[in-house]
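Beneath this line is the structure, given in structure tokens, with notes to follow.
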Amino acid sequence: MIPNFKTIVCSESRSGREFHRAGWIIVEPFTIIENGYIEVDKGFITGVHKGRPEEKCIDHGPGVLMPPLVNTHLHLELSALKGCLPFDKGFKIWVKTLLEKRETLGQEKLIKAAQNSVQDLVKSGNLYIGDISTLGIIKSIIEDSALNGVCFHEFLGSDIPPFFVQKNDSVSFSVSGHAPHTSSPQLLKALKQCSKSNGLPFSIHVAESDDESEFIHDKKGPWADFLTLRGIDWSSWEIGSKSPIAYINDMGLLDPLTIAVHVLNASDRDLEILSQSKAKVCVCPRSNQNLHGKLSDIEKILKVGIEPALGTDSLASCDSLNIFDEMAFVQTHYPMLDPAIIFSMGTINGARALGIDHLTGTLAKGKRAQFLYRPLKAKNKKELFQRTLSNE
Ligand SMILES: [Zn+2]
């Protein structure tokens, strides 16, 4: 569902100060101004103040101005598979069906559906993304859109082709490894080395499924059979008697530029490893619920000092790519979480994970003047967050 709101993007080519007023401003999740205004010059925020400006201002109304949302992990190229895949037959069958259906659909349909998803993201205020593409067909779609963020070209298996990476202010290009149980350690190390040497984030799905944990720990199980069937030789991988998170840590993959996605099957020791490495974590609760029937322990993740970001994963495992929907789901399924923390997950934590927090994630001075206005009414800060997260 796309809530009732408007997106305001102030142009960098427009000089002269402008002022945007509203009943509420969520500057940062823990800094809320009641009855205030944002001062903008040349497309960037130059101040946020209480009260009304003396100069002429754009008065948006009694509702709330907030930063745009960040979807830290999604796969636009799988949008055409919405509603096509079985959730109830196990993860392995889901992956197998996904690969078969993606093949039969053809690139034209994948691209068309991805373009529609991009429009929905822009309309729903999700202006920043971390997109994962294995086929490499999404780059120009994102470049031609109003979306910003990081396009990760994803690799799996054991071949090590040449990689293309580029750091930009609008859309950066980096690489990602699919997962520890689908990619050789040589490939994963090469991908990490390439992204790190360019100061770019690296993304990897990890600790997502029971099959993955069994394979890495016991060197057998359904995933071992699946890999062998697909011709991937894993006999030299240094797996056994360890968790997927410990395995990628031993490989040197975890540092502040790595985004560990899912972190669903994680022990206390695994969370300690992630915390000590200062790696970023991105959880995808709706996708996890649909595919695995369980959820990450967000409270424990927070307790070890990790500030998790939110992703939706793809439309092959989730109903929408909208982080408003994901935050609403988190609010319902984690009632003990402070709503301000949930809002952080959908904004600043994602911006930090993608390395774009100097540009967005909050409405603080120096960030891009892009914000969302929602015409909701709230009597106090608690009600403000409840309404913002409820996606009403
Ligand atoms: Zn994913």
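Data table
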read-out: Residue in region 314-323 that is free of Cβ contacts under 8 Å to residues at least 60 places away in the same chain and touching a strand residue (DSSP E or B) at 6+ places or on another chain (Cβ under 7 Å) present; value: no
read-out: Condition met for L359 (under 19 Å from K123 (Cα atoms), in contact (Cβ under 8 Å) with a residue 24 or more places away in the chain and surrounded by 18 or more Cβ atoms within 10 Å (Cβ to Cβ)); value: no
read-out: Qualifying positions in region 14-32 - buried (at least 20 other Cβ atoms within 10 Å of the Cβ) and under 20 Å from I342 (Cβ atoms); value: W24, I25, I26, V27, P29
read-out: From E28, E39, residue being over 24 Å from the mean Cα position of the chain (by Cα) and among the charged types (D, E, K, R); value: E39
read-out: The one condition in (1) surrounded by 22 or more Cβ atoms within 10 Å (Cβ to Cβ); (2) within 16 Å of the ligand (Cβ to nearest atom) that M345 fails to fulfil; value: (2)
read-out: When residues of region 304-316 are limited to those that are within 12 Å of the ligand (Cβ to nearest atom) and under 20 Å from I259 (Cα atoms), the one surrounded by the fewest Cβ atoms within 10 Å (Cβ to Cβ); value: S314
read-out: Counted residues, region 157-179 - those being more than 22 Å from I142 (Cα to Cα) and in contact with a strand residue (DSSP E or B) (Cβ under 6 Å, 6 or more places away or on another chain); value: 1
read-out: Neighbours by Cβ (under 6 Å, 6+ apart or cross-chain): first from region 205-219, among the basic types (K, R); second assigned to a helix (DSSP H, G or I) and within 13 Å of the ligand (Cβ to nearest atom); value: none
read-out: Filtered residue count, region 286-298, keeping only those that are within 16 Å of the ligand (Cβ to nearest atom) and more than 17 Å from G90 (Cα to Cα); value: 1
read-out: Failed item, numbered, when D211 is tested on (1) modelled with pLDDT of 95 or more; (2) among the acidic types (D, E); (3) surrounded by 15 or more Cβ atoms within 10 Å (Cβ to Cβ); value: (1)
read-out: Flag if S314 is among the polar types (S, T, N, Q) and either assigned to a loop (DSSP other than H, G, I, E, B) or more than 19 Å from the chain's Cα centre (by Cα) (or both); value: yes
read-out: Unique match (being among the polar types (S, T, N, Q), at pLDDT 95 or above, crowded, with 17+ Cβ neighbours inside 10 Å and away from the ligand (no atom under 16 Å from the Cβ)) among S195, S203; value: S195
read-out: Test for T97: is it surrounded by fewer than 16 Cβ atoms within 10 Å (Cβ to Cβ) and hydroxyl-bearing (S, T, Y); value: no
read-out: Test: residue in region 154-170 that is part of a helix (DSSP H, G or I) and free of Cβ contacts under 8 Å to residues at least 40 places away in the same chain; value: no
read-out: Residues located in region 379-390, provided they are more than 21 Å from the chain's Cα centre (by Cα) and either outside any loop (DSSP other than H, G, I, E, B) or hydrophobic (A, V, I, L, M, F, W, C) (or both); value: K381, K382, E383, L384, Q386, R387
read-out: Search result, residues across region 98-109 that are of a type outside the set (D, E) and away from the ligand (no atom under 16 Å from the Cβ); value: K101, T104, L105, G106, Q107, K109
read-out: Residues of region 268-280 classified as within 15 Å of the ligand (Cβ to nearest atom) and surrounded by fewer than 21 Cβ atoms within 10 Å (Cβ to Cβ), total; value: 0
read-out: Filter pass, N249 being within 16 Å of the ligand (Cβ to nearest atom) and modelled with pLDDT of 95 or more; value: no
read-out: Checking S183 against (1) more than 18 Å from D357 (Cα to Cα); (2) in contact (Cβ under 8 Å) with a residue 60 or more places away in the chain; (3) of a type outside the set (D, E); (4) within 16 Å of the ligand (Cβ to nearest atom), the condition it does not meet; value: (2)
read-out: Helices (runs of 4 or more DSSP H) within region 63-151 that include 3 or more residues farther than 29 Å from T388 by Cβ, small (G, A, S) and more than 20 Å from the chain's Cα centre (by Cα); value: none
read-out: Out of K196, K219, sole residue that is farther than 23 Å from C282 by Cα and out of contact with any helix residue (DSSP H, G or I) (no Cβ under 9 Å at 6 or more places or on another chain); value: K219
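Quick grid of which residues meet (1) farther than 19 Å from S209 by Cβ; (2) buried (at least 20 other Cβ atoms within 10 Å of the Cβ):
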{"site": "I245", "(1), (2)": "no, yes"}
{"site": "H262", "(1), (2)": "no, yes"}
{"site": "C282", "(1), (2)": "no, yes"}
{"site": "R286", "(1), (2)": "no, yes"}
{"site": "N290", "(1), (2)": "no, no"}
{"site": "L302", "(1), (2)": "yes, no"}
{"site": "I323", "(1), (2)": "yes, yes"}
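The values are calculated or read from the model by the stated rules, or taken from the named source; none is laboratory data. Only a predicted model underlies this, so the values are computations on that prediction, with no experimental measurement involved. A quick note on method: Cβ atoms are made from the backbone with ideal geometry, for glycine too, and the neighbour counts reach across all protein chains shown.
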